[in-house]
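Have a look at the structure below before the remarks.
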Amino acid sequence: MTVNKIQTAEQEVESLSAVVIRFVGDSGDGMQLTGTQFTDTSAMFGNDVATFPNYPAEIRAPQGSLYGVSGYQVHIGSIEVSTPGDDLDLLVAMNPAGLKTNLHALKPGHTLIIDVDSFSKKNLQKAEYETNPLEDGSLENYRVIEVSMTSMTKEALKDMGLDNKSITRSKNMFALGMVYWMYDRDMNHTLNFFDQKFKYKPEIAQANAKVLKAGYYYAETLELIPNAYKIMPSEMPKGTYRILNGNTATAWGFLAAAEKSGLELFLGSYPITPATDILHELVKHKNFGVKAFQAEDEIAGVTSAIGASFAGDLAITTTSGPGLALKGEAIGLAMMTELPLVIVNVQRGGPSTGLPTKTEQSDLLQALYGRNGESPVIVIAASTPANCFDYAFEAAKLTLEHMTPVILLTDGYIANGSEPWRIKSIKDMPEIMTHVIDERSETWHPYDRDNDTLSRNWAIPGTPGLEHRVGGLEKDKITGNVSYVPDNHEYMTNIRAEKVKRVENYIPDLEAEYNEEGDLLLIGWGGTYGSLHSAVRKLDAKGYKVGHAHFHYLNPFPKNTAEVLSKFKKIVVCELNKGQLAKVLKSRFPEFEYIQYNKVMGLPFSVTDLVAKSKNIIKDN
Amino acid sequence: MQDTVEKKYTFKDFASDQEVRWCPGCDDYVILRSMQKALPDMGVKKEDVVFISGIGCSSRFPYYIDSYGMHSIHGRAAAISSGVKLANPDLSVWMITGDGDSLAIGGNHFIHVLRRNLNLNIILFNNEIYGLTKGQFSPTSLIGQKTKSSPYGNTQPPFHPGELALGAQARFFARLGGNSPKEMTALFVEAEKFKGTSLIEILQNCVIFNDGCFTQFTDKKIKEDKQIFLEHGKPMIFGKERDKGLVLNGLKLEVVTIGENGVTEEDILVHNAKCEDNTLHQMLVKLQYPLATGIIRSYEDSTFEEREAMLNEQVKSKSGFSKVDELFFSGETYEVK
Ligand SMILES: Cc1ncc(C[n+]2csc(CCOP(=O)(O)OP(=O)(O)O)c2C)c(N)n1
Ligand code: SF4
């Protein structure tokens, strides 16, 4: 074991109150499990947490290969934590490939735990190391803790009569045990987890527990690892919490909306990464009457939902970029028939199949414009794992109250990332009105509209006297019968657009956080919220006059948008794409100048980079 | 199941106020009229009837029936109908589609809807051509057929809808010429009674782009000699003189003449539409002479919505949650004080 000298650099206050840890290893090494266990335990301890799972697209990439590395990053804090963090305080590398691909993120002087047993010649070769980094001095700047994790795991389990595979599989728990000791975490949560998960395989539960404790006591006995930081519980609002990832939160938001509106929930979906987990979650809840239909493709997913909507269900369809492309024609039909429908797009790296397991925000223009004809729909975006719950609920509310499709954008980063969710009860959620009618009035027509929202009424098959036909052909403005009359087409085109525009009367104003006026406004939308928020917090703390405006509503925009933008000298639009929101803002609010900050690496923004970029721009003022 | 009606409807109750816009002489009129006549006999309430179509000439059908309906997008009626039926299994759902609509662009949905076996009804208007887009070959057009998009003759071999459907596990398949309104009316009623997806292929003459494509079977003068109208439990006999019949010779269906070579009525195969094994049904749909019409297969099986409902009940009885709050507060939660 080598313990290099630590250079105690002057640390920022925040780094004392928060740490960023990353577990990396082969995709078979159980890094996701290790990470989620550490996250849950820390959250229950009272820390604020944010996570970033990062795994390969291949289910079983060749062992030890550079592209088969699976990682799980978690940021825990006694202060508010809004991103999984940029730079690492601790890196746990289970193999050379993990070390190679992740070392750059570790802050100099900080701790690196390595399973030396995996640093075989073969593994070093697979990781394309020419010399052994444990020997060539390349790790000099870090505090390296070399541990024979695999052999110690074997040793711990030698009397249990387990097969070799089960034994080596539990070495991730050795690492977790060590980290638990380092950060003074209680092991009980994980021990209970084993008992639950391996209810019917008690010997596996026992083995995992044994290894976890072995790691913990190893770290303790050798006293070679000081408790680096003591992360105290954070001051979060009082309440009952749980850890939720974005996809589960999305699914639950829809469950809540169905119960609140008194409608049954219908999901038509086709599996696609990273949206599939919403389907996985909703199929579990048949007890709430959820009809979750795994269709033969995306088109059947969305069209079955349109059928269900016509028949009176709260209908949703979930997908990711390529799937949204397939659904375009059908979304046009839902728009034309003015039926409620929520389309969830969990964005991933594009174009085409792109980077299925990586994050990006490049489907904004597709959501806004990706259909034939004049085809406006409501577009909103969630910004954190937990608020996927609120925006799924909001999407359902808007579609039902305005009788037009809503596209809800999330992304792989917030869909898979988790954070504490202060549990909401149905009674805390806003009411949802529907436009269902159950009786025929003298003058009823299928395309009669509500004066304020311009929503059409919802006459559901099975209701006597309201028999009518809808379809994709242009409708007469009153009867809903097919109409090719030129004036009628223009009228209907305008009214469908106006209907969406009027949604601005029902959504909250845009807010500039930290500063309502000043030198610089950072604009973002969707899953980059955490990074922008952290960056602006840092800048603000240093006395910069910087604000953060985050768009949750992308069509229509909040009514006060121009007013908010006008209060700042410079505006930077930050997006994980080549400038899609910037493009839209330029055409909607051409009176302002926009600076773009874009990144398309399949990775989230780094707070450090955002801060540096902002400082530079202010300097240029 | 739909509530039965006390009120007696007439065919007028199902005629909408929309002007019918098919070419004069098109078989679509016959199908529409047969449907309007059949609906009152089905014992379903008007408000429970839903017609869903894709795109094509035939797909304008829902406009002409006074019930609920959706004229949707090309090829997707099967998926939309499935959504309607899953949302509300009490509705009587009718999917209206063409050979292009269901066998080309909608091929995927078509096979899967049959596989799942929801209790809905499909009427496939097969005119072996694309009507609405003015005369291109379709997946049922014959090899060599000259059309707008195959001026030198079509080189793509045709699908036989029945074969495709049985391959996709269709539980109910019937076929009828477009000029047989009486049988058609009765067939629609039968289809509605059938529990499961019923597929009815109508050989529909398109007077404009493919006129006479089925006359070799459907011409009134020769119809009885060229077609065999199958009925469950009855011997497979056909012909004007009712002297022709089908027997199984090895692995082939063969036409024999009763009274010749010692063949008697007893030798003729008796039609069993209701058996699970569809081997003979497959032979029947492939037969070129005589053309098999009527209900070729009608095998009752559990439906998708039944299986779903059963599962839902099971899950409900096991799960402790009836309100989402119970789910939200269940499992691993923690307090921040
Ligand atoms: C996405 C899409 N592609 C193509 C079309 C054009 N289109 C409309 S109907 C049709 C074929 C119709 O043929 P069939 O289903 O046999 O119906 P018919 O008109 O013969 O009744 C085509 C290609 C369309 N409406 N939508
Ligand atoms: S084009 Fe053919 S199928 Fe279409 S309405 Fe005319 S005759 Fe009927």
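Name the residue that is surrounded by the most Cβ atoms within 10 Å (Cβ to Cβ), counting only residues in region B:113-130 that are within 16 Å of the chain's Cα centre (by Cα) and within 16 Å of ligand 1 (Cβ to nearest atom).
Once the filter is applied, the top-ranked residue is B:Asn127.
Counting only residues that are within 14 Å of ligand 1 (Cβ to nearest atom) and either modelled with pLDDT under 95 or within 18 Å of B:Val50 (Cβ to Cβ) (or both), how many does region B:81-105 have?
From region B:81-105, those within 14 Å of ligand 1 (Cβ to nearest atom) are B:95-105; that's our starting set.
Add one more test, that the residue is either modelled with pLDDT under 95 or within 18 Å of B:Val50 (Cβ to Cβ) (or both), and what stays is B:95-97, B:101-102.
Total meeting the criteria: 5.
How about region B:134-147: which of its residues are more than 17 Å from B:Gly212 (Cβ to Cβ) and open to solvent by 80 Å² or more (accessible area, probe 1.4 Å)?
Passing the criteria: B:Lys134, B:Ile143.
Given the conditions (1) assigned to a helix (DSSP H, G or I); (2) in contact (Cβ under 8 Å) with a residue 60 or more places away in the chain; (3) open to solvent by less than 60 Å² (accessible area, probe 1.4 Å), and given that A:Lys583 satisfies all but one, which numbered condition is not satisfied?
Only one criterion in (1) assigned to a helix (DSSP H, G or I); (2) in contact (Cβ under 8 Å) with a residue 60 or more places away in the chain; (3) open to solvent by less than 60 Å² (accessible area, probe 1.4 Å) is unmet by A:Lys583, namely (3).
If you check B:Ile52 against the conditions, is it within 20 Å of B:Leu199 (Cβ to Cβ), within 16 Å of ligand 1 (Cβ to nearest atom), part of a strand (DSSP E or B) and facing chain A (nearest Cβ under 9 Å)?
Here the answer is yes, as B:Ile52 does meet what is asked.
Only one of (1) assigned to a loop (DSSP other than H, G, I, E, B); (2) within 14 Å of the chain's Cα centre (by Cα); (3) within 16 Å of ligand 2 (Cβ to nearest atom) fails for B:Leu103. Which number is that?
(1)
Given A:Leu263, A:Leu244, A:Leu279, which one is within 30 Å of A:Gln347 (Cβ to Cβ), in contact with a Leu (Cβ under 6 Å, 6 or more places away or on another chain) and of a type in the set (A, V, I, L, M)?
One residue alone meets the criteria, A:Leu263.
Residues to consider are A:Pro356, A:Pro430, A:Pro385; find the one that is within 26 Å of B:Phe329 (Cα to Cα), in contact (Cβ under 8 Å) with a residue 24 or more places away in the chain, away from chain B (no Cβ under 14 Å) and surrounded by fewer than 24 Cβ atoms within 10 Å (Cβ to Cβ).
A:Pro430
Go through (1) farther than 30 Å from B:Ser82 by Cβ; (2) polar (S, T, N, Q); (3) surrounded by fewer than 16 Cβ atoms within 10 Å (Cβ to Cβ) and name the single condition B:Thr279 misses.
B:Thr279 satisfies all of (1) farther than 30 Å from B:Ser82 by Cβ; (2) polar (S, T, N, Q); (3) surrounded by fewer than 16 Cβ atoms within 10 Å (Cβ to Cβ) except (1).
Please go through region A:265-288 and give me each residue that is open to solvent by 10 Å² or more (accessible area, probe 1.4 Å) and at the interface with chain B (Cβ under 7 Å from one of its Cβ atoms), ordered by number.
Those that are open to solvent by 10 Å² or more (accessible area, probe 1.4 Å) and at the interface with chain B (Cβ under 7 Å from one of its Cβ atoms): A:Lys286, A:Asn287, A:Phe288.
Suppose we filter B:Thr133, B:Thr140, B:Thr147 for residues that are within 13 Å of ligand 1 (Cβ to nearest atom), in contact with a Lys or Arg (Cβ under 9 Å, 6 or more places away or on another chain), more than 25 Å from B:Phe11 (Cα to Cα) and among the β-branched types (Val, Ile, Thr); which single one remains? Don't jump to the end; show me each part of the working.
On the way: B:Thr140 fails: in contact with a Lys or Arg (Cβ under 9 Å, 6 or more places away or on another chain); B:Thr147 fails: in contact with a Lys or Arg (Cβ under 9 Å, 6 or more places away or on another chain).
When all the criteria are applied, what remains is B:Thr133.
Could you please let me know if B:Asp90 is buried (at least 20 other Cβ atoms within 10 Å of the Cβ), of a type in the set (Asp, Glu) and either away from ligand 2 (no atom under 16 Å from the Cβ) or under 30 Å from B:Pro40 (Cα atoms) (or both)?
Considered against the rule, which asks whether it is buried (at least 20 other Cβ atoms within 10 Å of the Cβ), of a type in the set (Asp, Glu) and either away from ligand 2 (no atom under 16 Å from the Cβ) or under 30 Å from B:Pro40 (Cα atoms) (or both), B:Asp90 comes out as no.
Using the structure shown, decide if B:Phe110 is within 13 Å of chain A (Cβ to nearest Cβ), free of Cβ contacts under 8 Å to residues at least 60 places away in the same chain and more than 7 Å from ligand 1 (Cβ to nearest atom). I'd like the intermediate steps shown before the answer.
On the way: within 13 Å of chain A (Cβ to nearest Cβ): yes; free of Cβ contacts under 8 Å to residues at least 60 places away in the same chain: yes; more than 7 Å from ligand 1 (Cβ to nearest atom): yes.
For B:Phe110, the condition - within 13 Å of chain A (Cβ to nearest Cβ), free of Cβ contacts under 8 Å to residues at least 60 places away in the same chain and more than 7 Å from ligand 1 (Cβ to nearest atom) - is met.
When both residues are 6+ apart or on different chains and their Cβ atoms are under 6 Å apart, which pairs have a first residue that lies in region A:462-479 and is modelled with pLDDT of 95 or more, and a second that is among the aliphatic types (A, V, I, L, M)?
From region A:462-479, the pairs are A:Leu466/A:Ala459; A:Val470/B:Met70; A:Gly471/B:Met70; A:Gly472/A:Leu333; A:Gly472/A:Met336; A:Gly472/B:Ile73; A:Leu473/A:Val482; A:Lys477/A:Met492.
Any residue at all in region A:445-461 that's small (Gly, Ala, Ser), part of a loop (DSSP other than H, G, I, E, B) and out of contact with any His (no Cβ under 9 Å at 6 or more places or on another chain)?
Residues of region A:445-461 that are small (Gly, Ala, Ser), as a first pass: A:455, A:459.
Going one step further and asking which of them are part of a loop (DSSP other than H, G, I, E, B), we end up with A:455.
Within this subset, residues satisfying the condition of being out of contact with any His (no Cβ under 9 Å at 6 or more places or on another chain) are none.
Among the residues of region A:445-461, not one is small (Gly, Ala, Ser), part of a loop (DSSP other than H, G, I, E, B) and out of contact with any His (no Cβ under 9 Å at 6 or more places or on another chain), which makes the answer no.
Looking at (1) touching a residue at least 40 places away in the same chain (Cβ under 8 Å); (2) near ligand 1 (Cβ under 10 Å from one of its atoms); (3) within 10 Å of chain A (Cβ to nearest Cβ), which is the one condition that is false for B:Ile73?
Tallying (1) touching a residue at least 40 places away in the same chain (Cβ under 8 Å); (2) near ligand 1 (Cβ under 10 Å from one of its atoms); (3) within 10 Å of chain A (Cβ to nearest Cβ), B:Ile73 fails exactly one: (1).
Read through the list (1) open to solvent by less than 10 Å² (accessible area, probe 1.4 Å); (2) part of a helix (DSSP H, G or I), then give the number of the only condition that B:Gly245 fails.
Result: B:Gly245 passes all but (2).
What number of residues in region B:6-37 are in a loop (DSSP other than H, G, I, E, B) and either open to solvent by 40 Å² or more (accessible area, probe 1.4 Å) or within 16 Å of ligand 1 (Cβ to nearest atom) (or both)? Spell out how you get there, then give the answer.
In the first step, residues of region B:6-37 are kept if they are in a loop (DSSP other than H, G, I, E, B); the result is B:6-10, B:16-27.
Narrowing the set further to residues that are either open to solvent by 40 Å² or more (accessible area, probe 1.4 Å) or within 16 Å of ligand 1 (Cβ to nearest atom) (or both) leaves B:6-8, B:10, B:17-27.
Residues that pass the stated criteria total 15.
Looking at region A:291-314 only, could you name the residues that are more than 7 Å from chain B (Cβ to nearest Cβ) and buried (at least 22 other Cβ atoms within 10 Å of the Cβ)?
Within region A:291-314, A:Ala292, A:Glu298, A:Gly301, A:Val302, A:Ser309, A:Leu314 meet the criteria.
Test each condition in (1) within 14 Å of chain A (Cβ to nearest Cβ); (2) within 16 Å of ligand 2 (Cβ to nearest atom); (3) out of contact with any Ser or Thr (no Cβ under 9 Å at 6 or more places or on another chain) for B:Thr97 and report the one that comes out false.
Evaluating B:Thr97 over (1) within 14 Å of chain A (Cβ to nearest Cβ); (2) within 16 Å of ligand 2 (Cβ to nearest atom); (3) out of contact with any Ser or Thr (no Cβ under 9 Å at 6 or more places or on another chain) leaves (3) as the failure.
Just checking, which of B:Phe188, B:Phe173, B:Phe110 is more than 16 Å from ligand 2 (Cβ to nearest atom), open to solvent by less than 40 Å² (accessible area, probe 1.4 Å), over 25 Å from B:Gln216 (Cα atoms) and aromatic (Phe, Trp, Tyr)?
Matching residue, one of B:Phe188, B:Phe173, B:Phe110: B:Phe110.
Out of curiosity, is B:Ile80 within 8 Å of another protein chain (Cβ to nearest Cβ), in a helix (DSSP H, G or I) and closer than 14 Å to A:Thr303 by Cβ?
Yes: the conditions hold for B:Ile80.
What do you reckon, is B:Ser302 touching a residue at least 12 places away in the same chain (Cβ under 8 Å), open to solvent by 30 Å² or more (accessible area, probe 1.4 Å) and of a type in the set (S, T, N, Q)?
For B:Ser302, the condition - touching a residue at least 12 places away in the same chain (Cβ under 8 Å), open to solvent by 30 Å² or more (accessible area, probe 1.4 Å) and of a type in the set (S, T, N, Q) - is met.
Considering every residue within region A:467-477, establish whether at least one is more than 21 Å from A:Val379 (Cα to Cα), open to solvent by 60 Å² or more (accessible area, probe 1.4 Å) and away from chain B (no Cβ under 12 Å).
Looking through region A:467-477, at least one residue is more than 21 Å from A:Val379 (Cα to Cα), open to solvent by 60 Å² or more (accessible area, probe 1.4 Å) and away from chain B (no Cβ under 12 Å).
Considering region B:148-159 alone, what residues qualify as being surrounded by fewer than 17 Cβ atoms within 10 Å (Cβ to Cβ) and either closer than 23 Å to B:Thr197 by Cβ or within 16 Å of ligand 2 (Cβ to nearest atom) (or both)?
Those that are surrounded by fewer than 17 Cβ atoms within 10 Å (Cβ to Cβ) and either closer than 23 Å to B:Thr197 by Cβ or within 16 Å of ligand 2 (Cβ to nearest atom) (or both): B:Lys148, B:Ser149.
Go over the candidates B:Pro40, B:Pro62 one by one and state the one that is in contact with a Lys or Arg (Cβ under 8 Å, 6 or more places away or on another chain), more than 16 Å from ligand 1 (Cβ to nearest atom) and either small (Gly, Ala, Ser) or in a helix (DSSP H, G or I) (or both).
Only one candidate qualifies: B:Pro40.
Could you say which residue among B:Leu166, B:Leu203 is in contact with a strand residue (DSSP E or B) (Cβ under 8 Å, 6 or more places away or on another chain) and within 16 Å of ligand 2 (Cβ to nearest atom)?
B:Leu203
The values are calculated or read from the model by the stated rules, or taken from the named source; none is laboratory data. As the structure is a prediction and not an experimental result, all values here were calculated from the model. Don't worry about glycine lacking a Cβ; one is built from the backbone with ideal geometry, like all the others, and counts go over all protein chains shown. In case anyone asks, the SASA skips ligands and DNA or RNA and just uses the protein heavy atoms, side chains included. Shrake-Rupley method; radii C 1.70, N 1.55, O 1.52, S 1.80 Å.
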